[in-house]
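Remarks on the structure that follows.
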Amino acid sequence: MRLDWSIAQRFRRYRASGDGPAQGFLSFISASSTLGIALGCTVFIAALSVMNGFSQLLENRFLQLIPHIEITAVDGELDDVPALVEQVQAHPQVTTARPVIKSQAMVQQGSDFVGMQLQGVALNQPQPIEQYTDAESWQQLTQPRQVIIGSGLADKLEVEQGDTLTLLVAEQNSFRQPRRIQVQVAGTFTFGGQVDHQMAYTSLATARELAGIEQTAAAIEISVRDIYAAQSVAYELGQSIREHVYLDHWMRAQGHLYRDIQLVRIVMYIVLSLVLAVACFNIVSTLIMTVQDKQRQVGILRTMGMRASTVQRLFIWHGLLNGLWGIVFGILGGLTLTASLPALFAGWQRLTGESLLASDVYFVAEIPVALQGQDVLIVTGVALLMSLLATLYPAWRAARLEIVQSLD
């Protein structure tokens, strides 16, 4: 074992076991710096895990129902849907292309009217919403004038499976009086957020009848492999499509969610780094007081032949021990807190009776958590770097002590 490391440990053990008010105060400051670093690392890891959870929910769940790219007809109908779907799917980034018909409808229940977005989908293709309803209800959509509505919308309208709804639907690009059509509720779905309170799904055949479209579709929803490349893929598709269409992508319509998460992550990095910096600043105070307390011992070591550089490394190790213990406890605390967060928030909701994330506003009703190893490494690296920087000045001062003055 290196000499400087061995003596640093001896100094630390002596301080921990020493008597007197000076040693007690020094031990208190040292413990405070270790505790501060541990708390900072714990909060850092837990907060980043929550941000990761929201990011993964955005990518893997919310964007299931939101098309990555959408091609919409200018005049209400696409000319040749099969040919356009084949052309789009030829792009290497495109995974699926699904024809859809979207209509705004009003539901009449007695004297009340409730708005909703009705979407006609191709039942011969896998649809993301299918997994959020039961197979029997989904199969029922093959029958004419059947719809599946969100659970929140069903509660608002006070309807159940098998009930009849009267819809007022405007034809595509028409200013005529809306058509009044009766449909049957085939079932409900539960996804979360505003989708449950606004959306309804039906077959393409029923959607064509409601919108007054003959045999085609009004739009094509496209999913891509890399969701963050949706903008560039949309631009490339726009260059190859000869038909007059509108092109949109999720970054334009829902990109604010992603930008908000990234902004919060950046702010969190800055704030928590400052918290760690404040905690590491106590290492400076501890080392300065230790250098003053150990002047005589340093003078003896120097007369025995110890170099100034070795003295400097000795106090660097001495200060880093506080940071290392704080990092170890902080990582253990961060892993424990991250694993316990869902249960803690669930217990708080049961205790108070209030939901922290309102299901009618957010697309998730519970706190999402996703721990990533790279975040633990980043927190460890930041804490180690700040602990090291905090030791440099006191260690440099210790190495410059005059031997004669130290022995006085």
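The table that follows gives values for the structure above.
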| read-out | value |
| --- | --- |
| Subset of region 228-244 that is in a helix (DSSP H, G or I) and open to solvent by 40 Å² or more (accessible area, probe 1.4 Å) - its residue that is nearest to VAL81 (Cα to Cα) | SER240 |
| Test result for ILE331, crowded, with 19+ Cβ neighbours inside 10 Å, aliphatic (A, V, I, L, M) and either at pLDDT 85 or above or closer than 30 Å to SER151 by Cβ (or both) | yes |
| Answer from LEU263, LEU210 - the residue that is under 30 Å from VAL379 (Cα atoms) and among the aliphatic types (A, V, I, L, M) | LEU263 |
| Members of region 80-125 found to be part of a helix (DSSP H, G or I) and either buried (at least 21 other Cβ atoms within 10 Å of the Cβ) or aliphatic (A, V, I, L, M) (or both), listed by number | VAL81, ALA83, LEU84, VAL85, VAL88 |
| Number of the condition not met by HIS244 [criteria: (1) farther than 22 Å from PRO92 by Cβ; (2) free of Cβ contacts under 8 Å to residues at least 60 places away in the same chain] | (2) |
| Spans of strands (runs of 3 or more DSSP E) in region 126-227 with at least 1 residues more than 34 Å from the chain's Cα centre (by Cα) and surrounded by 18 or more Cβ atoms within 10 Å (Cβ to Cβ) | 146-150, 164-169, 179-189 |
| Considering residues of region 40-79 that are open to solvent by 50 Å² or more (accessible area, probe 1.4 Å) and in a helix (DSSP H, G or I) only, the residue nearest to LEU272 (Cα to Cα) | VAL43 |
| Set THR190, THR206: member being among the polar types (S, T, N, Q) and farther than 29 Å from LEU78 by Cβ | THR190 |
| Criterion: surrounded by 19 or more Cβ atoms within 10 Å (Cβ to Cβ), more than 22 Å from ASN124 (Cβ to Cβ) and modelled with pLDDT under 80 - qualifying residue of SER6, SER17, SER33 | SER33 |
| Count of region 139-156 residues which are in contact (Cβ under 8 Å) with a residue 40 or more places away in the chain and under 13 Å from GLN184 (Cα atoms) | 10 |
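The values are calculated or read from the model by the stated rules, or taken from the named source; none is laboratory data. If you're wondering where the values come from, they're calculated on a predicted model, not measured in any experiment. When we count neighbours, we look across all protein chains shown, and the Cβ atoms used for this are built from the backbone with ideal geometry, even at glycine. The protein model used for the area step is the full one, side chains on, heavy atoms only, and it has no ligands, DNA or RNA in it. Shrake-Rupley method; radii C 1.70, N 1.55, O 1.52, S 1.80 Å.
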